[in-house]
Amino acid sequence: MTEVRVRFPPSPTGYLHIGGARTALLNWLFARKHGGKLILRIEDTDAERSTRESIEGILDGLTWLGLDWDEGPYFQTEFAADHIRAADRLIETGHAYKCFCTKEALDAKREAAMTAKQDVKYDGACRELSAAEVAAREKAGIPSVIRFKVPRREGTVAYEDKVLGRIERRYEDIEDFVIVRSNGKPLYLLSNVVDDIRDRITHIIRGQDHMTNTTRQVLLYEALGAPIPVFAHMPLTLDLEKRKISKRSHGEIVAVQFYRDRGFIPWALCNFLVLLGWNPGTDQEIFSRGELIEAFSLERIGKVNSVFNYRKNDPKFFTDPKAIAINSHYLRTMPIEEIAAMVKAHFLDRGLWDAAYDGEKKEWFLRTLDLIRDRFHTINDFSTLGRAYFADDYEIDPKPLAKNVLKHPELKKWLPLLAERFAALERFDQDSTEAASRQLAAELDIKPGILINGMRTVLTGQLAGPGMFDVLAALGRDRVVARLTNIDALYARAGE
Ligand code: GLU
C-alpha cells in the first residue's frame, strides 16, 4: 500500500485560527492513524501577510497543540519556478493557453452579458488563437494571462468525496480559469495542485469552503497526468447566527493563542475541536490521543456545518461552554504531575513560582493542586481563584466578603480568637482544627457556619472551595493564624 501523505497548507494571517487548527488536527489524526506523514506547507504567496511573526504564530500554535509534522515547513514561494513550469507544460500539451484580453474588454463583455441576462463566463476569445497570432501579440508587447482550457464537452468532472460522496460539476459550467496572472504570478489553484503533486499527497482533508476549487483542481490533476488524491471536505464551523467565526466578528476567541493565554490544556482544546466536525458514532466525548487516533476515520467527518456555541454577551462563558467543560474535565482528571508541570510554567510566567515546589515543598504542592483543582476550569485559575494558597496578595471576592464577613461585625473579634485557639493546638490538622472551631462556636453560642464561612472568605478570598478543614491543612498553621489575626488588614482592604 502506498504511504498515506497528508498536508496542512495554511496561508498565514497572523495567528492560527481554530478552524485551521481543526484542519491540522484532522490531518494529523489521519496521518498518525495510518502511520503516514503530515507535511506542513506555508502558502506564503501573499507577501504582505506572510511575515515572519505571522508564520511563527502558526508554527507556535501547532507546537503548543502537540500536532507535530513530519516534513516541512515548506514555503510555497520557493517553488514558484515549478508552478510556472507546470503552466508552460499545460500550454505545450494543449491544456492551457495565453489570453490577451484586457481587463476593460472583459469587464465590458461581462456587463453586456449581465444586461442580456446571459452567462457571464469568459467567452474563450483567445482559446483558439494560432501560434502565429500568439507570437504576434507577444511581439507587440500585449500582456497576457494563462488560462486553463476546460474541455468543451458534454458531461461532468467528478470525484468521490470521502465525506460527501460523489461530487460533480458540468464542464459547461466551468469557465476557462486563470492559472497565471499577467505579472507572471501563478494562482493558488495551480500552485496548490503542483505542490501537492510534488509532495505526493494522497489525501486532501480541508474545509467545504474549498469545494469550488476542487473540481477545477481535479481538471488540473488530469491535465498534468497526476493521480487524483482522495478528497474529504469538512463541514464549516459557524456561530449561533450561522456566520463563519472570524476575528472581526468574534475577536480573540478564534485564535489558538487565546486558549493558550487563558490556561487551556492543549489536548483538551484538540478534543473539543475534533468534535466540531467529526463524531465517533457513540456518546463518547472525551478521547485520549491514542483513543482518538484509533477511533478516527474520514467517513465519520460530519456533512453538516457544526456550531461554535459562543454567546458573546454571556459573561459566564468566555468561549464555547463545551470547550470550557472539556478543559475542566481534563483539569480534574489528568495525572496531577502533568497538571503541576503546566501550573509551574504558568507560575513562572506570573512570578508565583517557588523553587521549593520542585524540592522540599513538592509533596505539598501536588497535594494542594489536587485539593483545589476540582472547581477550576483553566490552569490560570490556580493563580487567580487559587492564589491564596501560593501568595498573600490574593483578592477577596466582594460577594462573600459582604455576606460572610461584613454582615457579622463580631467576626472582627471572633476570628482573631479562633487564631489563638489554632496557635495553641498541639497538632494542626483537619480533626483538631474542626474540633477547635466547633468548640469556639459553642462557647460563643453561634452557628459554626458563621466561623467557617467567615474564615473561608478571609483565608482564601473565595465563596466556595474544598472542605474548610482541608483548606486549613493545606494553608498550614502559620498562614492561617497570621491571616486570621491580622483581620484588621482585611477590613482596611475592604474599606471598612
Ligand atoms: N492555503 C489554503 C488555505 O489556507 C489551503 C487550502 C487547501 O487545503 O488546499 O485555505
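Sequence gap at least 6, Cα distance under 8 Å: using those rules, report the relative contact order of the chain to the nearest whole percent.
Relative CO of the chain lands at 12 percent.
For the chain, report the % of Cα-Cα distances exceeding 34 Å.
53 percent
How many nm separate the modelled label positions at Arg89 and Asn183, each set 7 Å beyond the Cα in the direction of the Cβ?
Distance between label points: 2.7 nm.
Let me know the shape class of region 384-496, please: from the alpha-carbon gyration tensor, a ≥ b ≥ c as square roots of the eigenvalues, rounded when a/c is under 1.5, otherwise prolate if a/b is greater than b/c, or oblate. Please report the intermediate quantities before stating the final value.
On the way: a/c = 1.55, a/b = 1.17, b/c = 1.32.
Cα axes put region 384-496 in the oblate bin.
Can you give the % of DSSP beta bridges in the chain that are antiparallel, to the nearest 5?
50 percent
Kindly state, to the nearest 0.05, the FRET efficiency for Asp445 paired with Thr384, given R0 = 41 Å and r defined as their beta-carbon distance.
Approximately 0.65, to the nearest 0.05.
Under unit Cβ charges (Lys, Arg +1; Asp, Glu -1), what dipole magnitude, rounded to 20 debye, does region 144-207 have relative to its Cα centre?
Computed about the Cα centre, the dipole is about 180 debye.
Take each of the peptides 327-339, 198-210, 253-265, average the number of other beta-carbon atoms within 10 Å over its residues, and list them starting from the highest.
253-265, 198-210, 327-339
Highest mean first, how do 155-161, 299-305, 281-287 rank when packing is the count of other Cβ atoms within 10 Å averaged over residues? Working shown, then result.
Numbers: 155-161: 15.3, 299-305: 13.7, 281-287: 11.7.
Final packing ranking: 155-161, 299-305, 281-287.
Find how much the distance from Glu3 to Glu48 grows on full extension, using 0.36 nm per residue of separation minus their present alpha carbon separation; answer in nm with one decimal.
Gain on extension, Glu3 to Glu48, equals 12.6 nm.
Calculate the length of the line joining the C-alpha centroid of region 288-314 to that of region 447-462, in whole Å.
43 Å
Run the paramagnetic zone check for Glu104: 7 angstrom along Cα to Cβ, then residues of region 179-220 with backbone nitrogen under 13 Å.
none
Gain in length, Arg332 to Asp392, computed as 0.36 nm per residue apart minus the alpha-carbon separation, to one decimal in nm?
19.1 nm
Using helices alone, I'd like the mean residue ellipticity at 222 nm for the chain: each DSSP H run of four-plus residues gives -39500 (n - 2.57), total over residue count, nearest 500.
Taken over the chain, the calculation gives -13500 deg cm²/dmol.
For the chain, can you list the cysteines whose C-beta has no other cysteine C-beta under 4.7 Å from it?
For the chain, the answer is Cys101, Cys270, because their Cβ atoms have no other cysteine Cβ under 4.7 Å.
Run the paramagnetic zone check for Arg152: 7 angstrom along Cα to Cβ, then residues of region 191-226 with backbone nitrogen under 20 Å.
Hits in region 191-226 for Arg152 at 20 Å: 216, 219-220, 223.
How much length is gained on full extension from Asp261 to Asp349, taking 0.36 nm per residue of separation minus their Cα-Cα distance?
Length difference between fully extended and current span is 30.6 nm.
Between Lys33 and Asp68, with labels modelled 7 Å along Cα→Cβ, what's the label distance in nm to one decimal, could you check?
2.1 nm
Can you work out the FRET efficiency for the pair Arg438 and Trp364, with r the C-beta to C-beta distance and R0 = 30 Å, to the nearest 0.05?
Plugging the Cβ-Cβ distance into 1/(1 + (r/R0)^6) gives 0.70.
Read phi for every residue in region 207-215 and hand back ³J(HN,Hα) as whole Hz from Karplus 6.51 cos²θ - 1.76 cosθ + 1.60, θ = phi - 60°, with x for Gly and Pro.
Once θ is set to phi - 60°, the couplings for region 207-215 become x, 4, 5, 8, 5, 5, 7, 4, 4 Hz.
Work out the FRET efficiency for Arg300 and Asp374 from their Cβ-Cβ distance, taking R0 = 25 Å, and round it to the nearest 0.05. Don't skip to the end; give the middle numbers.
On the way: r = 33 Å, r/R0 = 1.32.
FRET efficiency, Arg300 to Asp374: 0.15.
Leaving out ligands, DNA and RNA, what percent of the accessible area of region 369-496 is carbon and sulfur, probe 1.4 Å?
Carbon and sulfur atoms account for 50 percent of the accessible area of region 369-496.
Sorted by average packing, counted as other Cβ atoms within 10 angstrom per residue and highest first, what order do 311-320, 408-417 take?
Output ranking for 311-320, 408-417: 408-417, 311-320.
Pop out the carbon and sulfur fraction of the accessible area of region 198-317 as a percent, whole number, probe 1.4 Å.
50 percent
The values are calculated or read from the model by the stated rules, or taken from the named source; none is laboratory data. Just so it is clear, the structure is predicted and the values come from calculations on it, not from any experiment. A quick note on method: Cβ atoms are made from the backbone with ideal geometry, for glycine too, and the neighbour counts reach across all protein chains shown. The area values use the complete protein model at the heavy-atom level, side chains included, leaving out ligands, DNA and RNA. Shrake-Rupley method; radii C 1.70, N 1.55, O 1.52, S 1.80 Å.
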